[in-house]
Amino acid sequence: MKSFLLLLLSTVLFSCNQNDKGSSTSVKKAGLNLEKINFKENPLEILKSKIDSNVNDDSYYVKKGYSMPFDYPVAYKLEAWNGKDSFYGKAYYSKIIDSIAYYQNIYFNRIAFLTHNNKTVAILADAEIKSDTVYNEFVKQLEKQFGKPTFSPQTTADVFYEWSAKDRRVQIDYSKGVSMSMMSGKKTELKQTFNMQMLIFNRAEAAKIDSIQQKNYARTKEYKVMQGDFKLYKNDPQKNIILMDSILNEKFK
């Protein structure tokens, strides 16, 4: 009987170990897989009750009639970048939720969708990472996937990269910050934070925005950019020094 019990116990342990191994290899990552997006996503269906309406809603602008909730860009009537056609679409932001989305081994705690003519054209994701080493390793991962960046900073003040793929443009940005923790009876604690932002933009739609900005400049000689969180730096003279130089040279030659 004793031998039978030992054999039975060994069998159970072996079975448990096998199940543990199987479960560890088949665990699905939580959240939206940003690597697999196809721009057919429905933000209202994905976010549902997770929408944070305070991120893209300014009661002052709404009261003045400059824009409505979720309009993008905010206050487009006040800061018209494209004349009477300055309204672009709707932007929907999620609440801050751990692991709401991921791209390979990076987890994001907030995502946002930009729509144009009721179709998703871009997805923005924010993450707080452990260190700049994590960011640098992620850059290497994207280089393996897409090759060398098609756009990168021309100054030491910025840390961003862009890759151009078949149907999308992928941009990542990195910044450092400080978080403050205050509790009664304890010293205020300051902690350095490392923040990363990832923007995945439909390539064809991004090209249309760039074309509009270029045509408007050719007509008015004033370069106006569609402001907001979904800005591709390559199309922005504040980030693209070569673009800025070409504008200045044309103005002052």
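If only residues of segment 165-193 that are open to solvent by less than 30 Å² (accessible area, probe 1.4 Å) and farther than 18 Å from G147 by Cβ are counted, the one that is modelled with the lowest pLDDT is G177. From the list T193, T156, the lone residue that is part of a loop (DSSP other than H, G, I, E, B), at negative phi and among the polar types (S, T, N, Q) is T156. As for segment 53-64, it holds no residue that is closer than 28 Å to R169 by Cβ, β-branched (V, I, T) and open to solvent by less than 50 Å² (accessible area, probe 1.4 Å).
Taking L114, is it open to solvent by less than 40 Å² (accessible area, probe 1.4 Å) and either among the hydrophobic types (A, V, I, L, M, F, W, C) or closer than 28 Å to D85 by Cβ (or both)?
Values: open to solvent by less than 40 Å² (accessible area, probe 1.4 Å): yes; either among the hydrophobic types (A, V, I, L, M, F, W, C) or closer than 28 Å to D85 by Cβ (or both): yes.
Against the criterion (open to solvent by less than 40 Å² (accessible area, probe 1.4 Å) and either among the hydrophobic types (A, V, I, L, M, F, W, C) or closer than 28 Å to D85 by Cβ (or both)), L114 qualifies.
The C-beta contact set for segment 31-55 (first residue touching a residue at least 40 places away in the same chain (Cβ under 8 Å) and β-branched (V, I, T), second residue open to solvent by less than 90 Å² (accessible area, probe 1.4 Å) and assigned to a helix (DSSP H, G or I), distance under 9 angstrom, 6+ apart or interchain) comprises I51/P43.
Within segment 85-111, the residues that satisfy the criterion of being among the polar types (S, T, N, Q) and either open to solvent by 90 Å² or more (accessible area, probe 1.4 Å) or not in a strand (DSSP E or B) (or both) are S86, S99, Q104, N105, N109. Say whether the condition of being over 20 Å from the mean Cα position of the chain (by Cα) and either closer than 24 Å to A127 by Cβ or among the acidic types (D, E) (or both) is met by at least one residue in segment 209-218. Looking for residues that are over 20 Å from the mean Cα position of the chain (by Cα) and either closer than 24 Å to A127 by Cβ or among the acidic types (D, E) (or both), one finds none in segment 209-218, hence no.
The values are calculated or read from the model by the stated rules, or taken from the named source; none is laboratory data. Because the structure is a prediction, the values reported are computed rather than measured. Note that we place each Cβ from the backbone using ideal geometry, even for glycine, and neighbour counts take in every protein chain shown. When the accessible area is computed, the model is the full protein with side chains, heavy atoms only, and any ligands, DNA or RNA have been set aside. Shrake-Rupley method; radii C 1.70, N 1.55, O 1.52, S 1.80 Å.
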